[in-house]
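Read through the structure below, which is laid out as structure tokens, and then see the notes.
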Amino acid sequence: MSAVFLSPVVSFVLAATPPPEFDPTTVTPGPAGFVAIAVVAAGTVLLAIDMARRIRRNTYRAEIQERLAAEMAANAAAEAGSPDQGRPQG
């Protein structure tokens, strides 16, 4: 029964609503929209620069750790390979 009642009310409201009176070609976001997009763009660029710096730093740290591990393994192999290390030569 309510569906029958709503149909005339909805049609009355829709008939009483005037169409929008603006030209879609002249609608712009204005200065506030420009500032908002500029802030988002600047933030994105700064975050990208920071991310690249952090990734580069972690890559360098990993390379240094690999070099140190290789040196320690070479030193351990050299110590294990020379049995007369404690005796003076001469």
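For Val39, are the conditions met, namely being of a type outside the set (D, E, K, R), surrounded by 10 or more Cβ atoms within 10 Å (Cβ to Cβ) and at pLDDT below 90?
no
Give all pairs with beta carbons closer than 6 Å in which a residue from segment 54-79 that is loosely packed, with under 10 Cβ neighbours inside 10 Å meets a residue that is part of a helix (DSSP H, G or I); count only pairs at least 6 apart in sequence or on separate chains.
none
The values are calculated or read from the model by the stated rules, or taken from the named source; none is laboratory data. From a predicted model like this one, the values you see are computed outputs, not experimental measurements. Methodologically, a virtual Cβ is constructed for each residue, glycine included, from the backbone with ideal geometry; neighbour enumeration extends over all protein chains shown.
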